[in-house]
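Here's the structure we're looking at; comments come further down.
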Amino acid sequence: MFSNSNKATISNHHLGDPYNPTIMNKSVNLKRLLLITGVIMALFLLVKESGTAQTVVKQNSEQAVPQIKEYKCTPCGCSEDDTIVHEPGKCKKCGMALINIHDPNEGLNYTNLTAQEVCKLIETNPELILLDVRSTAEFNSKTSPLGRFKKAINIPIMEINNRIAELEIYKDKEILVYCSISARSPRVSKILADSGYKKIRNLMGGLNNWHQQSSSELPCQASAIQKF
């Protein structure tokens, strides 16, 4: 039969002795698991709160700093060219619509194009009409380094109202209007657009700006120009 000491040992095993190595190991493992789970949950909540805070800060930042619009003359060749205002309207000197310098086509019935965009247009549209609105002397000048676009037609700005009928046959085609510094071409572009021409394009900066571009930026820079 069992001794008293053996009975106590057996009894302790059956009653779940807290000092039993097996039970102690299970307890330690459980505590470790709970600790790891707690750390993971804390990290998850921390990351979530951080992301939410960043989103709120970004939204508040965007709402707190509205985009400021800046407008200037088209230009028109007058002293108001570089005057910046913060509301759309018309130039006090010439009456032309002011241009949003960050969105040059806002509120216009014709399209302003950069030199790069004009280069692509010339290369992709063989039926493009090129309208030079400089004076006849400038158009035919043999001393000016600007030259003119190949196949361009010349109607000086001072004659456009009397000769606009000459362009009637091109009313459904794209017409690129240009001059030397984009002082006269915006005026003519507006006159044509107001007269029902739907595909008027204006070269921003004119031929002066065209020649200031690098050949890598403007692959058709030389090939599109006729010089004397």
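What FRET efficiency would be calculated for the residue pair residue 103, residue 82, taking the C-beta separation as r and a Förster radius of 25 Å, to the nearest 0.05?
It comes out at approximately 0.85.
Hey, can you grab everything whose amide H is under 5 Å from the amide H of residue 180? Only 5+ residues off in sequence or another chain; H modelled, so Pro and N-termini drop out.
Residues meeting the amide H criterion: 207.
Just order 148-156, 219-227 by mean Cβ neighbour count inside 10 Å, highest at the front, would you?
So the order, starting with the most tightly packed, is 148-156, 219-227.
Work out how much length residue 194 to residue 144 would gain on full extension: take 0.36 nm times their residue separation and subtract the Cα-Cα distance, in nm to one decimal.
14.8 nm is the gain from fully extending residue 194 to residue 144.
What's the ranking of 160-167, 112-119, 32-39, 124-131 by average number of surrounding C-beta atoms within 10 Å, highest first?
Descending mean neighbour count gives 112-119, 124-131, 160-167, 32-39.
Roughly speaking, what is the stretch gain from residue 136 to residue 216, that is 0.36 nm per residue apart minus the C-alpha to C-alpha distance, in nm to one decimal?
25.7 nm
If the limit is 24 Å between Cα atoms, which of 150/173; 150/171; 69/92; 93/173; 69/171 go over it?
93/173; 69/171
Each reported figure results from applying straightforward, stated rules to the coordinates on display, with no laboratory input. These numbers come from a predicted model, not from an experiment. As a convention, Cβ positions derive from the backbone with ideal geometry for all residues, glycine included, and neighbour counts pool all protein chains shown.
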